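Enquirer: Starting off with a structure, shown below.
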Amino acid sequence: MKRHPLLAAFAFLSSSTLLAPAARSAPVEDKAAINAVLDKNIAGLEALYRDLHQHPELGFQEQRTAKILATKMRALGFDVTEKVGGTGIVAIYRNGAGPVTLVRTDMDALPMEEKTGLPFASKAQAVLDGKQSFVAHSCGHDTHMAWWVGTAQVLLSMKDRWKGTLVFIAQPAEEVLGGASAMLKDGLLTRFPKPDYALAAHVGGGMPTGSLVLKEGTILSASDALEIVFHGKGAHGSAPSSSIDPVVMGAHFVSDVQSVVSRQKEAATFGVITVGAFQAGSVGNIIPDEARLRLSLRSFTPQVRGLLMNGVEKTAQAVSMMAGAPAPTITRINGSAATYNDPALLTRLTPALKSAFGQGVVAIPASAPGFSGSEDFSELAAQGIPSAYLMIGGDTPEKLAEYKAKGVSPPTNHSPLFAPAAARAIRSGATALALSVLTLNGSQKQQ
């Protein structure tokens, strides 16, 4: 997941109202059966987590990771197809007539150095954009993969309690927001059973283990990554009048583009334009012939998303025109829609989740704003599939109390110090996803 302020969000969520239970809660025997399966398998799931943690791979490079997951799913009896959308996996299990439910995990890691000091900390490196980079699972996808396997183990051990088809997908390249669209383009919804529902979950640093966040409506923002190249005319630094200075164009753009947010967007709506990279020239006495900028745009609604994109393009074009320069080159690198949780689907899932997590379940209504981070799980909902994206607590209450006593904030996702309480988080994630599938596919629902 692209980073979002989970710690601050959880402080707000803790004061929110818990979702009211619906008519039927998950049977006590379901919870007991899930716990029994996880008790048996948790050591192996934690070992899987540690292995994946030590061997992270970047987006669309997840060869080893995908092979491990494919092997485990085949051993459970799934029909597995590899290399979907590059390195993605689709694992199918049919258990009679019933709904088709998709359960998704992400696989990729981040190009950053881990600094947790864990005995199994990543020391891996990989090539990114032609440069050597450290690689680390500092977002928690290693935890997600472990509870994804754990969810499959639970459901196959309890297949007398549900009917239908499971579509378990392991998606590449979430961090660059390209993996979901790659799998869709490679026939995810045409080569395989089309899901009636889609489920995913994400571990959160700064959230206590045993907590589960349910946000109706928009939960995460849309994200668009752009590159803008301003084309100028190079010259000696002593003769700027002989140049068309792309550095000045870029500087004007960085300042002027913020008026799109402050003057064109309605104040009550969410929208952010960030210029995160500005690359031009090599020495101080040469005016270069181009400047290259990279941007990140965030929004909650299609209307604001379009306004930001349009505003960026017009501002870049106007800056070049005023300088007497050629038109800029504007490239959309990647992007994804806002992640949307179907309110009716959450209403169905809530009783079972409350039966397992009790007061750990915290809800936010659709009327409240979502979080500013982004996820390409949204591409499934954009295809008309009712979806639910859950947030799972990843830090023990004891550890959070220790941070508080020291007066420091706990490391959150994308921090080099991020280190969730893996065994507890894996148990919570597998429990939440398994109960959700049992609610949607449970044999009682087929009567």
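The values are calculated or read from the model by the stated rules, or taken from the named source; none is laboratory data. Computed from a predicted structure; not experimentally measured. Please note: Cβ atoms are built from the backbone with ideal geometry, for glycine as well, and neighbour counts cover all protein chains shown. Each accessible area value is taken on the protein alone, full model and side chains, heavy atoms only, with ligands, DNA and RNA left out. Shrake-Rupley method; radii C 1.70, N 1.55, O 1.52, S 1.80 Å.
Enquirer: How many of the residues in the range 217-272 are under 30 Å from residue 342 (Cβ atoms), touching a strand residue (DSSP E or B) at 6+ places or on another chain (Cβ under 6 Å) and not small (Gly, Ala, Ser)?
Expert: Residues flagged as under 30 Å from residue 342 (Cβ atoms), touching a strand residue (DSSP E or B) at 6+ places or on another chain (Cβ under 6 Å) and not small (Gly, Ala, Ser) within the range 217-272 amount to 8.
Enquirer: Can you pull out the residues in the range 256-271 that are assigned to a helix (DSSP H, G or I), over 23 Å from residue 291 (Cα atoms) and of a type in the set (Gly, Ala, Ser)?
Expert: Within the range 256-271, just 262 meets the criteria.
Enquirer: Can you pull out the residues in the range 347-381 that are over 15 Å from the mean Cα position of the chain (by Cα) and aliphatic (A, V, I, L, M)?
Expert: At the first step, the residues of the range 347-381 found to be over 15 Å from the mean Cα position of the chain (by Cα) are 347-369.
Matches in the range 347-381: 349, 352, 353, 356, 361, 362, 363, 364, 366, 368.
Enquirer: Select from the range 380-417 the residues that are polar (S, T, N, Q), open to solvent by 20 Å² or more (accessible area, probe 1.4 Å) and under 30 Å from residue 194 (Cα atoms) and list them in ascending order.
Expert: Within the range 380-417, 383 is the sole residue that qualifies.
Conditions tested, residue by residue: (1) assigned to a helix (DSSP H, G or I); (2) touching a Leu at 6+ places or on another chain (Cβ under 9 Å); (3) under 21 Å from residue 334 (Cα atoms); (4) without any contact (Cβ under 8 Å) to a residue 60 or more places away in the chain.
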{"position": "229", "(1), (2), (3), (4)": "no, yes, yes, no"}
{"position": "254", "(1), (2), (3), (4)": "yes, yes, yes, yes"}
{"position": "278", "(1), (2), (3), (4)": "no, yes, yes, yes"}
{"position": "293", "(1), (2), (3), (4)": "no, yes, yes, no"}
{"position": "304", "(1), (2), (3), (4)": "yes, no, yes, yes"}
{"position": "308", "(1), (2), (3), (4)": "yes, yes, yes, no"}
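Residues are listed down the side, and each one gets a yes or a no for (1) out of contact with any Lys or Arg (no Cβ under 9 Å at 6 or more places or on another chain); (2) modelled with pLDDT of 50 or more; (3) among the β-branched types (Val, Ile, Thr); (4) surrounded by 14 or more Cβ atoms within 10 Å (Cβ to Cβ):
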| position | (1), (2), (3), (4) |
| --- | --- |
| 27 | no, yes, no, yes |
| 32 | yes, yes, no, no |
| 38 | no, yes, no, yes |
| 46 | yes, yes, no, yes |
| 50 | yes, yes, no, yes |
| 55 | no, yes, no, yes |
| 70 | yes, yes, no, yes |
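Enquirer: Now for a separate question. Please find, among 40, 67, the residue that is farther than 15 Å from residue 105 by Cα and of a type in the set (D, E, K, R).
Expert: 40
Enquirer: Same structure again: Go through the range 176-219 and report how many residues are open to solvent by 10 Å² or more (accessible area, probe 1.4 Å), in a loop (DSSP other than H, G, I, E, B), under 29 Å from residue 271 (Cα atoms) and modelled with pLDDT of 95 or more.
Expert: So the answer is 1.
Enquirer: Same structure again: Condition (residue is open to solvent by 20 Å² or more (accessible area, probe 1.4 Å), without any contact (Cβ under 8 Å) to a residue 60 or more places away in the chain and either of a type in the set (D, E, K, R) or part of a strand (DSSP E or B) (or both)) applied to the range 159-168: is it met by at least one residue?
Expert: So far as the range 159-168 goes, no, none of its residues is open to solvent by 20 Å² or more (accessible area, probe 1.4 Å), without any contact (Cβ under 8 Å) to a residue 60 or more places away in the chain and either of a type in the set (D, E, K, R) or part of a strand (DSSP E or B) (or both).
Enquirer: Residues of the range 75-109 being in a strand (DSSP E or B) and acidic (Asp, Glu), which ones?
Expert: Scanning the range 75-109 gives 79, 82, 106.
Enquirer: While we're looking at this one, here's another question. If a residue must be over 27 Å from residue 93 (Cβ atoms) and open to solvent by less than 10 Å² (accessible area, probe 1.4 Å), how many such residues does the range 130-158 contain? So that I can check it myself, show each step before the final result.
Expert: Of all residues in the range 130-158, those over 27 Å from residue 93 (Cβ atoms) come to 130-136, 138-139.
Subsequent filtering for residues that are open to solvent by less than 10 Å² (accessible area, probe 1.4 Å) retains 135-136, 138-139.
So the answer is 4.
Enquirer: Still on this model: Mind telling me which of the residues 377, 357 ends up being modelled with pLDDT under 95, surrounded by 19 or more Cβ atoms within 10 Å (Cβ to Cβ) and among the aromatic types (Phe, Trp, Tyr)?
Expert: On the way: 377 fails: modelled with pLDDT under 95.
Checking each option against the conditions leaves just 357.
Enquirer: What's the number of the only condition in (1) out of contact with any Gly (no Cβ under 7 Å at 6 or more places or on another chain); (2) open to solvent by 30 Å² or more (accessible area, probe 1.4 Å); (3) outside any strand (DSSP E or B) that residue 331 fails to meet?
Expert: (3)
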